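Student: Starting off with a structure, shown below.
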Amino acid sequence: MLESIKENLALFELTGKAWESWAIRKKMEYLDSITSKPKMSKDEKLKFYQSESIYYQGKIDEYCKLLPGTNQPEREILIYRISDYQLQHSKYEQLLYLIKHPNKKCRGVSDTEIHAANKMPIENFLPNPVRRNMTKCFNHDDSNPSMRIKNNIVNCFVCGKAWDVIATVRQVNGLNFVDAVRYINNAIDI
């Protein structure tokens, strides 16, 4: 395993993070194209989502075990991969939750849709790039990053406001609650 990481490190040094990000994106596009086919029954989707969730959790665990004995460049690659795998694991866990729980409608959206929307990574809906869990606030003119992301909530140190995922989408896109929940859930192809 460590040898493959060293080979990837050489690739990483030659081509940068863009190559790895592209490869992961292409795999996810392929997986999305498989899961979005109407041919899959509910049971098939459930098995597929469970297997993918287990796969990504295994990769996260595997790379976390390798972290202690690595040097700085290898550590950066591992951390980058772990964060990508955590996002994908989160996506499949949300899809599993939506399949397993009944759909009770209230206020135009179900509790499971609200739950799934709040679990979606907030970084996907911020208008400004995120670096080291910091970004520019979308609520006021900001020249330096003043908004911190922690526990899937953004908090601006300048204006003192905080938003969860749904509130962020409402503020950024000017949507009401129901439309914001639907917008978020459409982003994960529910």
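Student: State all residues of segment 111-131 that are modelled with pLDDT under 85 and surrounded by fewer than 17 Cβ atoms within 10 Å (Cβ to Cβ); if no residue qualifies, say none.
Tutor: Selection gives ASP111, HIS115.
Student: Suppose we filter segment 128-137 for residues that are outside any loop (DSSP other than H, G, I, E, B) and in contact with a strand residue (DSSP E or B) (Cβ under 9 Å, 6 or more places away or on another chain); how many remain?
Tutor: Summing the residues that are outside any loop (DSSP other than H, G, I, E, B) and in contact with a strand residue (DSSP E or B) (Cβ under 9 Å, 6 or more places away or on another chain) in segment 128-137 gives 2.
Student: In addition: How about segment 158-190: which of its residues are assigned to a loop (DSSP other than H, G, I, E, B) and hydrophobic (A, V, I, L, M, F, W, C)?
Tutor: VAL158, CYS159, LEU175, ILE188, ILE190 - these are the residues of segment 158-190 that are assigned to a loop (DSSP other than H, G, I, E, B) and hydrophobic (A, V, I, L, M, F, W, C).
Student: Hey, could you check segment 174-190 for residues that are surrounded by fewer than 16 Cβ atoms within 10 Å (Cβ to Cβ) and under 15 Å from the mean Cα position of the chain (by Cα) and say which is modelled with the highest pLDDT?
Tutor: ASN186
Student: Inspect all residues belonging to segment 79-89 and state whether any of them is at pLDDT below 80 and in contact with a helix residue (DSSP H, G or I) (Cβ under 6 Å, 6 or more places away or on another chain).
Tutor: Filtering segment 79-89 for residues at pLDDT below 80 gives none.
Scanning segment 79-89, I find no residue that is at pLDDT below 80 and in contact with a helix residue (DSSP H, G or I) (Cβ under 6 Å, 6 or more places away or on another chain), so the answer is no.
Each row is one residue, and each column tells you yes or no for (1) modelled with pLDDT under 85; (2) not basic (Lys, Arg).
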{"residue": "TRP22", "(1), (2)": "yes, yes"}
{"residue": "LYS26", "(1), (2)": "yes, no"}
{"residue": "SER33", "(1), (2)": "yes, yes"}
{"residue": "LYS45", "(1), (2)": "yes, no"}
{"residue": "PHE48", "(1), (2)": "no, yes"}
{"residue": "ARG75", "(1), (2)": "yes, no"}
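Student: Take the residues of segment 46-89 that are among the polar types (S, T, N, Q) and assigned to a helix (DSSP H, G or I): which is farthest from the chain's Cα centre (by Cα)? First the steps, then the outcome.
Tutor: So in segment 46-89, the residues among the polar types (S, T, N, Q) come out as 50-51, 53, 57, 70-72, 83, 86, 88.
Subset that is assigned to a helix (DSSP H, G or I): 50-51, 53, 57, 72, 83, 86, 88.
Values: GLN50: 17, SER51: 18, SER53: 13, GLN57: 14, GLN72: 25, SER83: 9, GLN86: 7, GLN88: 6 Å.
Among residues in segment 46-89 that are among the polar types (S, T, N, Q) and assigned to a helix (DSSP H, G or I), the one farthest from the chain's Cα centre (by Cα) is GLN72.
Student: Would a scan of segment 166-179 turn up a residue that is of a type outside the set (Val, Ile, Thr) and closer than 23 Å to HIS89 by Cα?
Tutor: Within segment 166-179 (the criterion being of a type outside the set (Val, Ile, Thr) and closer than 23 Å to HIS89 by Cα), the answer is no, since none of the residues qualifies.
Student: Residue by residue through segment 138-160, note down the ones that are touching a strand residue (DSSP E or B) at 6+ places or on another chain (Cβ under 9 Å) and touching a residue at least 24 places away in the same chain (Cβ under 8 Å).
Tutor: Of everything in segment 138-160, those that are touching a strand residue (DSSP E or B) at 6+ places or on another chain (Cβ under 9 Å) and touching a residue at least 24 places away in the same chain (Cβ under 8 Å) turn out to be PHE138, ASN139, ILE149, ILE153, VAL154.
Student: Could you check how many residues of segment 149-170 are buried (at least 17 other Cβ atoms within 10 Å of the Cβ) and not β-branched (Val, Ile, Thr)?
Tutor: 4
Student: State all residues of segment 53-82 that are among the β-branched types (Val, Ile, Thr) and out of contact with any His (no Cβ under 7 Å at 6 or more places or on another chain); if no residue qualifies, say none. Spell out how you get there, then give the answer.
Tutor: Of all residues in segment 53-82, those among the β-branched types (Val, Ile, Thr) come to 54, 60, 70, 77, 79, 82.
Listed by number, the residues that qualify are ILE54, THR70, ILE77, ILE79, ILE82.
Student: Check segment 145-152 and report whether any residue there is β-branched (Val, Ile, Thr), farther than 30 Å from TYR63 by Cβ and not assigned by TED's automatic domain parsing to the domain that holds TYR49.
Tutor: no
The values are calculated or read from the model by the stated rules, or taken from the named source; none is laboratory data. Because the structure is predicted, anything quoted here is derived from the model rather than measured. Glycine also receives a Cβ, built like all others from the backbone with ideal geometry; neighbour counts cover every protein chain displayed.
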